[in-house]
Amino acid sequence: MPVIHPDHPRKLLWDAVVIGATIVATIETPLTIVLDYPMEPGMVAYEIIVSAIFLTDVIVNFFTAIQRNKALVTDQREIARSYLRRWFAVDFLSAIPFDVLFSGASLAGASRFLRLLRLTRLLRLLRLAQFIGKLGRKSPIHPSLLRMLHLVFWVLLSEHFIACIWLFLGSGNAAATNAGYAPDDSLRNYLRALYWTTTTIVTIGYGDITPVTNLQTVYAMSIQLLGAALYGFIIGNIASLIANLDAAGAQHREKIERIQAFMMYKKIPLKTQDKVYDYYSYLWDTRRGYDEFLIINDLPSPLKAEVLLFLNRSMIEKVAIFKGASPELVTEIVLNLRPVVFSPGDYVFHKGEVGHNMYFISTGSVDVVSEDDEVYATLEEGNFFGEIALLLSEPRTASIRARDYCDLYTLDKETFDRVLGRHPEFQKQIHELASKRREEMPKRPPKEPTQV
Ligand code: CMP
C-alpha cells in the first residue's frame, strides 16, 4: 500500500468521518452505561460500524506519512514505529467492540467491569482535539468562529459527561426521585440530569433537583465550584472571540471615527473631508484594512517571495517586460516592491523633479502630462513609468497624474540599478522602451518669454 499524504483531500475526508464516529461514540458510550438500555439489533450494527471505522483508521494510520519538525516522514517503518509508540494503543483499545464481543444480547447481566470497558471508546477524545485542529487549519471558516465552535463543543460535551455522572450517582437510589431520577424513562432521566447540570453550571441552581446521598452532595458541590469557574471562562472567551471575529472592521471604524473627530476639530473643508473618507473606504474595499507590507515583512525572504508572487500574480502576468523574464529577476523585483495608493487627480510626481523610484501599475490608470497640462499618454494596469529618470539620471521628463484610484508598486533606484546590472537582457529591453518613449514625447519649441 502506498504512503498516504496527511493533507490529501481524501485523507481529510476520512478524518472527518473518523471525527464524526468519535463524536457519536463519546456521546453514546456513557449513555449506554448509565441508562443501561438493551442491545437491540440496530445498536449491535451501530457498534460494529463504529468499530470498523476505528479499526480501519488504525490501518490507515500505519500508512499515513507523519510530520516531524515540519518535514514529511514517508518511510513506512519509521511511520509504523512512531505510530506504535504514540497513538496505536489508544486507537486500538477504542476500536474493540467489547460489548458485542463479550456480552451477547444485553449488557444488563454483564459485570460492572465489562460495562466500564466500554469507556475505552472515550480514549478517542484524546485524538479529537488533534484531528479538529488539523481540519480547522484546512477549513475556510474564520479562525475565531472556529475557536468559538470548538469551545461550545467542549462545553456541551462536558455538560453531557457531568449529567451522565449525575445519573450514575442517582440511579438505583432509594430517594433517587429527588435527584431527578424516574425509573423506566431513560429520556426523561437524561433530560432532567442535563437540566440539573445546566442550572448548576450557569450558577442558577433552582433547587428543584437536589442531592440525596453524601456522594451526590459532594458531587453537586464540586460541580457548583467548577461551574462558577467554567462560566467565567466561557463568558470571557466568547466576548474576546466575538471581538476578534471582526477585529479588522472594528479597527477600521475606530480609525474613521478618530479621523472624523480630528477633521471636525480642525475645521477641515467638507470637500477635503470627503476625499479623506473616499480614500479610506477605497483602502477598506481593496485591503480590508490589512497592511500587506507590514504583515509579510517578518517572513523569511523565500516565503515572503512566495506570498508576494501570489499576491501580485495578476500584475506580473500583465507587465509585458516580465513576460519571458527569468523567475530570479521577477522574484528580486517583487521582493523589493512597496505598495502605494493614489487618489484620482493626485500627482505621483511632477516634471523636472529628481527621480528616486520607478512605478508599476497594479490597478487603475495614470496620465503622462506635459508641463502645459497636456496629456500625451495614458498608462493602464500592468504598465510602468518613471524609468527614464533612473536610467539616465536626469529629471523627470513628464508629470504623472492618477486618473482614478491607483494601486502602484514602487521600486527604488538602488534595486533598479542592481537588477539591471545583473540582468543585461532586461536592461536592454528597458533601455529600448525608454528611448522609444522619449522619442514619442512632443517636441515643442521653448516658450516665448512673457513681456512685462
Ligand atoms: P520619467 O522621465 O522618469 O518620468 C516621467 C515618465 O513618464 C517617464 O519616466 C516615462 O516612464 C513616462 N513617459 C514619458 N513619455 C512617455 C510616453 N510617450 N509614453 C508612455 N510613457 C511615457
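The numbers here are math on the coordinates, done by the rules we state, and not lab data. These numbers come from a predicted model, not from an experiment. We place every Cβ from the backbone using ideal geometry, glycine too, and count neighbours over all the protein chains shown.
Computed quantities for the displayed model
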quantity	calculated
Helix axis angle, 143-170 relative to the chain longest principal axis, alpha carbon, degrees	10
Value at 222 nm in deg cm²/dmol, rounded to 500, when DSSP H runs of n ≥ 4 in the chain each add -39,500 (n - 2.57)	-19500 deg cm²/dmol
Acute angle (nearest 10 degrees) that the helix 413-422 long axis makes with the longest principal axis of the chain, alpha-carbon atoms	90
For q = 0.14 Å⁻¹, Debye-computed log10 I/I(0) when each Cα of the range 1-67 counts as one equal scatterer	-0.52
Listed residues F262, I204, N237: farthest to the positive end of the dipole of the range 153-299 (Cβ charges)	F262
Check: the chain dipole with +1 on Lys, Arg Cβ and -1 on Asp, Glu Cβ, in debye	980
The range 198-338: radius of gyration and largest Cα-Cα distance (Dmax), Å	27.6, 84
Using distinct alpha-carbon pairs, which all enter the 1/r mean, Kirkwood radius of the range 317-452 in Å	15.6
Dipole magnitude (debye, nearest 20) for the range 139-293, charges at Cβ of Lys, Arg, Asp, Glu	640
Quarter of the Cα convex hull surface for the range 262-379, i.e. its orientation-mean projected area (nm²)	10.2
Interatomic Cα distance distribution for the chain, bins of 20 angstrom, percent	17, 33, 25, 18, 6, 1
Between helix 214-245 and the chain: long-axis angle, C-alpha atoms, 0 to 90°, nearest 10	10
Hz values of 3J(HN,Hα) by residue in the range 72-87 - Karplus curve (6.51, -1.76, 1.60), Gly and Pro given as x	8, 9, 10, 6, 4, 5, 5, 4, 4, 4, 5, 5, 4, 6, 9, 10
Dipole moment magnitude, nearest 20 debye, the range 296-425 about Cα centre, only Lys, Arg, Asp, Glu C-beta charged	340
Separation in nanometres of the label points that stand 7 Å from Cα toward Cβ, at I238 and K11	3.7
Spin-label pair L151/Y231, simplified geometry with 7 Å Cα→Cβ offset, distance in nm	1.7
Cα centroid separation - the range 372-437 against the range 4-70, whole Å	61
